[in-house]
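One structure is given below, encoded as C-alpha cells.
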Amino acid sequence: MTNHWVDLKNTDCALIMGSNPAENHPMSFKWLTKAREERGAKIICVDPRFTLSASKADIYAPLRQGTDIAFLGGMIKYILDNNKYWHDYVVNYTNAPFLIHEGFDFKDGLFSGYNEQTRAYDTTTWDYQVDKDGNPLKDMTLQHPRCVFQLLKKHYSRYDLDTVSKITGTKKEDLLKVYEAFAATGKPDKSGTILYAMGTTQHTVGSQNVRAFAIIQLLLGNIGLPGGGVQAMRGESNVQGSTDMALLFHLIPGYLNSPSTDWPDLKTYLEKETPKSGYWSNKPKFLISMLKAWWGAAATKENDFAYDYLPKRDAKKNYSHIALFEEMYGKDGKGGSIKGLFIFGSNPIVGGPNANKEKAALANLDWLVAVDLWETETSAFWQTEAGSDPTKIKTEVFLLPACGSYEKEGTVSNSGRWIQYRWKAVEPIGQSKPDLWIIDQIMRRVKKQYANSTDPKDRPILDLTWDYGHGHEPEIDLIVKEMNGYEVATGKPLPNFGALKEDGSTACGIWIWGGIYPEEGKYLAKRRDTVDTTGIGAYLNWAFAWPANRRIVYNRCSADLEGKPWSEAKKIIWWDPTKGDASKGEKGKWVGLDVPDFKATTAPNEPGGNLPYIMKPEGVGCLFANKAQMKEGPFPEHYEPWESPVQNIMSKVQFNPTIKVWEPDKQGKPDKYPIIGTTYRVTSHWQAGAMTRNLPWLAELTPNVYVEMSESLAKAKGISNGDEVIISTTRGEMRAYALVTKRVKPFDLNGKKVEQIGVLWHFGFKGVATGDSANKLTPHIGDANTMIPEYKAWLCDVRRAK
C-alpha cells in the first residue's frame with residue numbers, strides 16, 4: 001500500500017477492483033464507511049460476481065475475468081479525452097513530457113523489438129531521448145508527438161466504450177458511471193484510492209493490471225496524498241513482512257535483486273544494479289551493510305565483503321513456485337534435480353496451481369519437511385497419491401509442529417507497512433515450537449555439523465554470524481538490532497538507513513527497517529500510542545512504518561513546486577522557510593503531518609527538491625515504463641487470458657506474448673470447455689484452509705466446497721441448487737455443491753453469451769471440513785514479470801454428478 005488502512009477514511013472515492021474487502025479485508029470497509037459518512041465519499045465495486053462489497057457500494061459494475069486492462073484502458077481514454085487529468089501534477093511529477101526513442105512503436109498487439117522465437121522483447125527502443133549529458137529530453141507543453149503523454153493518448157485511443165464493453169461484458173452506461181465518478185478525483189482538493197487483491201494479480205497480465213492502476217492514479221494526481229494511492233490488500237497478516245524479508249525467489253531482504261550468474265562478483269553486481277540517480281543509487285550501502293551483518297568479520301573489502309558467499313541463481317533458470325514443482329516432477333514425471341523440500345506454513349496441494357501435478361511432484365522427493373500447526377494435505381500427500389500404503393512413496397516426510405500466532409511473539413507487517421509487535425498470549429501446546437526457534441535450531445545444528453570442516457566451500461556456513469543469545473530461544477532484540485543496522489566498531493544502533501555506509505563500517509540486515517531500533521532497548525514496533533496528533537489517522541507513535549516511519553509514500557507530491565500544499569483539504573507536508581538550522585546552511589525544513597519522503601532540509605529549489613518519486617531514477621512517476629521494467633511493454637495492453645472463450649478483438653495477438661507456458665498441450669479450448677472459471681475466498685475460511693477447516697465452528701459455517709453459477713447455466717445443465725456437480729478442465733476434475741444464485745450472471749461478449757462460475761479454493765482432504773481442491777483445475781502459467789499463476793481466469797465445463 002502506498003498509504004495505509006486508516007488513511008482510507010480520507011478518500012473521496014474508492015475503486016474496489018480485483019478484491020472483495022467487505023468480506024476478506026473487513027477493516028478496510030470500516031474506514032471506507034467512515035469516509036462515506038463523514039466526507040460523502042463514493043464507493044465503486046468492479047467484480048465479476050455481485051459480492052458483499054458490491055452490495056455496499058454506491059456503484060457496481062460487472063466485468064469478465066481477465067479483462068481489467070480493457071476496463072482500465074477505457075478509463076484512461078476517458079480521463080484524457082475529457083481533460084480530467086490534473087495537468088500541473090502530470091507535467092511536473094510524471095514522465096509525461098519525456099520524449100521517447102524514435103524507434104519505439106506499437107503495431108497490432110506488439111511493441112517494437114519482439115522476437116517470436118524467444119518470445120521476449122529487445123527493449124532498446126523503450127527508452128528516452130537524451131541530450132549529450134544523458135538527460136531526458138522533454139516537451140513541457142505535452143504537444144510533441146514523441147512525448148509520453150501523446151503516445152499514451154494514442155495507445156488508448158483504441159479503447160472506446162463500444163470496444164471495452166464488447167471485451168469486458170460491462171454495459172456502456174456502467175462503464176461511464178465508474179469513469180465519471182473516479183475521474184472526478186483529479187483535482188487538488190480531491191483524492192481517490194484504488195483497492196486491489198489477488199483478483200487483480202493472479203492473471204497472465206497481473207503486473208500490468210497494477211501498472212494500469214498506477215497510470216490512472218498518476219494522471220489524476222492521486223499518489224502521495226491523504227485518501228489517495230494504490231492499496232495492495234494482503235490476505236495474510238504478514239504477507240507484507242514476508243516480501244520485505246525476501247521470501248520471493250528473485251530477491252534478498254529489502255527488495256534487492258538476488259545475485260545471479262550474470263553478476264559473478266560484487267563490482268559487476270553493483271555496476272549493473274545501481275542507478276546513477278534516485279534513492280536506489282544507495283544500493284552499495286544497502287548490500288554491503290547486509291553482507292557485514294551476515295558474515296561479520298569475515299566480510300572484508302579485500303574479499304568483496306563475502307559477496308562470493310551469496311548463492312548465485314543460474315541466470316537461465318526459473319526459480320518460481322511453478323518452476324520448482326515442474327523440476328520436482330521432471331520431464332517424464334519421474335523427478336528432477338530437487339531432492340528435498342522445506343515447507344513452512346504453506347499447503348501447495350491445496351493452494352498451488354495444477355494441484356494434481358504438484359502432488360505427483362512431491363512423490364519424487366527423497367525427503368519433505370513440513371512445518372505447520374496441523375497435518376496438511378501437503379504433509380500427508382502420500383495418503384491419496386498411492387492409496388494409504390506409504391511404502392509406495394519414496395518420500396520421507398517429517399512433520400514439525402509449529403505454534404499458532406498467539407503462542408509466540410514477534411512482529412507482523414501489515415499491508416500499510418506498519419511493523420507491529422505481538423506479545424505471546426498463551427503457552428504453546430504440546431511439543432509445538434515457534435518458527436523462529438525451529439529455524440534457529442536448524443542453523444545452530446548445521447553449524448555444529450560443519451564445525452571441523454576445512455573444505456573452502458563450507459566457509460559461508462562456518463563464517464555466518466549466528467549469535468542471537470545463548471538461551472533456549474533466540475533473543476528478538478538482538479535480531480532486530482541487526483535488521484535495524486549498527487556501527488561495526490561500537491555495536492551502537494544506527495538512527496536510520498541514511499547512516500549506512502559502503503565501506504564496511506556499518507552492518508544492517510534489511511535497510512528498509514532502518515530506524516526501528518534507534519537506541520539500545522528502544523524497539524519502536526512495540527509503540528502503542530493511540531493519540532493521533534496529525535488529525536488524519538497517521539498515528540505516528542503507533543508501531544513503526546517503513547521506510548523511516550513514513551505513513552504515506554511519495555508525500556512530496558502533496559505540495560506544489562514551491563513546497564506549498566496544493567490544497568488545505570489534502571495537505572500533509574509542506575516547506576517552511578522559517579525552520580531549519582541556519583548554522584548548517586539549511587534554508588528551511590519540510591514539516592507537516594508525516595515524515596517527508598526525502599531529506600527534510602532539501603529545499604524545493606535545490607537539486608531533487610522537486611523530484612518526489614525518489615525511488616525512480618527519473619525522480620517522477622512513470623506513465624511509460626522505459627527499458628525492461630515490464631516484460632510485455634511500456635503500456636498495459638489488453639490480451640486475453642491463456643484460456644479464453646473469445647478471440648482478442650484488440651489485436652491479432654491472443655494472449656500475453658511473453659508469459660511462461662509450461663504445458664502448452666493443456667490449454668483448454670472453448671469448444672470443449674465453454675465456461676469461464678475463477679476461484680475466490682470466503683470469510684469463514686482462510687487461504688488453503690488448514691487454520692480454519694480444522695476448527696469446528698468455522699467448519700460448521702462453511703462445511704462444503706461449493707460453486708456459484710447463474711440460474712441460466714443451472715437450467716441449461718439441469719442442475720438444481722444443492723446438487724453435487726463435477727467441474728472439469730484439461731488438468732483435472734473436482735466435485736462441489738451447486739449454489740445457484742442471481743449474484744452470478746452470464747456475459748454478453750460482442751454478441752456471444754458466455755457463462756461463468758466461481759468456486760471456493762480453501763478445501764482439501766484433511767481437517768474437519770473436507771472437499772476437493774479447486775486448484776486441481778488451474779493451469780501452470782506464469783505472468784511474465786512475477787510468474788504469479790493464473791488462478792482467476794480459465795476454461796471449464798460443469799455437469800451434474802450422477
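A few points about this structure:
- Within segment 475-495, the set of residues being part of a loop (DSSP other than H, G, I, E, B), at negative phi, surrounded by 17 or more Cβ atoms within 10 Å (Cβ to Cβ) and under 30 Å from the mean Cα position of the chain (by Cα) comprises just one member, Leu494.
- Applying a threshold of 6 Å to beta carbon distances and a minimum spacing of six or more residues, or different chains, the list of pairs starting in segment 147-171 at a residue that is within 26 Å of Ala793 (Cβ to Cβ) and ending at one that is assigned to a loop (DSSP other than H, G, I, E, B) and open to solvent by 10 Å² or more (accessible area, probe 1.4 Å) reads Lys166/Asn750.
- Selected residue (criterion: surrounded by the most Cβ atoms within 10 Å (Cβ to Cβ)) from residues of segment 401-410 that are part of a strand (DSSP E or B) and modelled with pLDDT of 95 or more: Ala402
- The set of residues from segment 493-519 being out of contact with any Gly (no Cβ under 9 Å at 6 or more places or on another chain) and touching a residue at least 24 places away in the same chain (Cβ under 8 Å) comprises Lys501, Glu502, Asp503, Gly504, Ile516, Pro518, Glu519.
- Within segment 759-791, the set of residues being open to solvent by 20 Å² or more (accessible area, probe 1.4 Å), part of a loop (DSSP other than H, G, I, E, B) and among the charged types (D, E, K, R) comprises Lys766, Asp772.
- Every pair of residues 6+ apart whose Cβ atoms lie under 6 Å, when the first sits in segment 710-734 and is in contact (Cβ under 8 Å) with a residue 60 or more places away in the chain and closer than 15 Å to Leu760 by Cα while the second is among the hydroxyl-bearing types (Ser, Thr, Tyr) and open to solvent by 60 Å² or more (accessible area, probe 1.4 Å): Glu724/Tyr737
- Scanning segment 721-754 for residues that are charged (D, E, K, R) and either touching a Gly at 6+ places or on another chain (Cβ under 7 Å) or buried (at least 23 other Cβ atoms within 10 Å of the Cβ) (or both) yields a single hit, Asp748.
- Candidate set: segment 417-434, residues that are among the charged types (D, E, K, R), open to solvent by 40 Å² or more (accessible area, probe 1.4 Å) and within 30 Å of the chain's Cα centre (by Cα); chosen: the one nearest to Lys522 (Cα to Cα): Arg422
- Any hit, segment 517-525, residues being part of a loop (DSSP other than H, G, I, E, B), surrounded by 20 or more Cβ atoms within 10 Å (Cβ to Cβ) and among the acidic types (Asp, Glu): no
- Restricting the search to strands (runs of 3 or more DSSP E) fully inside segment 2-64 and requiring at least 2 residues that are of a type in the set (Val, Ile, Thr) gives 42-46.
- Considering segment 346-396, the qualifying helices (runs of 4 or more DSSP H), each wholly inside and each with 1 or more residues that are of a type in the set (D, E, K, R), run over 355-362, 382-385.
- Residue count for segment 695-713, restricted to those that are surrounded by 15 or more Cβ atoms within 10 Å (Cβ to Cβ), out of contact with any strand residue (DSSP E or B) (no Cβ under 9 Å at 6 or more places or on another chain) and of a type outside the set (A, V, I, L, M): 1
The values are calculated or read from the model by the stated rules, or taken from the named source; none is laboratory data. For clarity, every value in this text was computed on a predicted model and none was experimentally measured. Don't worry about glycine lacking a Cβ; one is built from the backbone with ideal geometry, like all the others, and counts go over all protein chains shown. Each accessible area value is taken on the protein alone, full model and side chains, heavy atoms only, with ligands, DNA and RNA left out. Shrake-Rupley method; radii C 1.70, N 1.55, O 1.52, S 1.80 Å.
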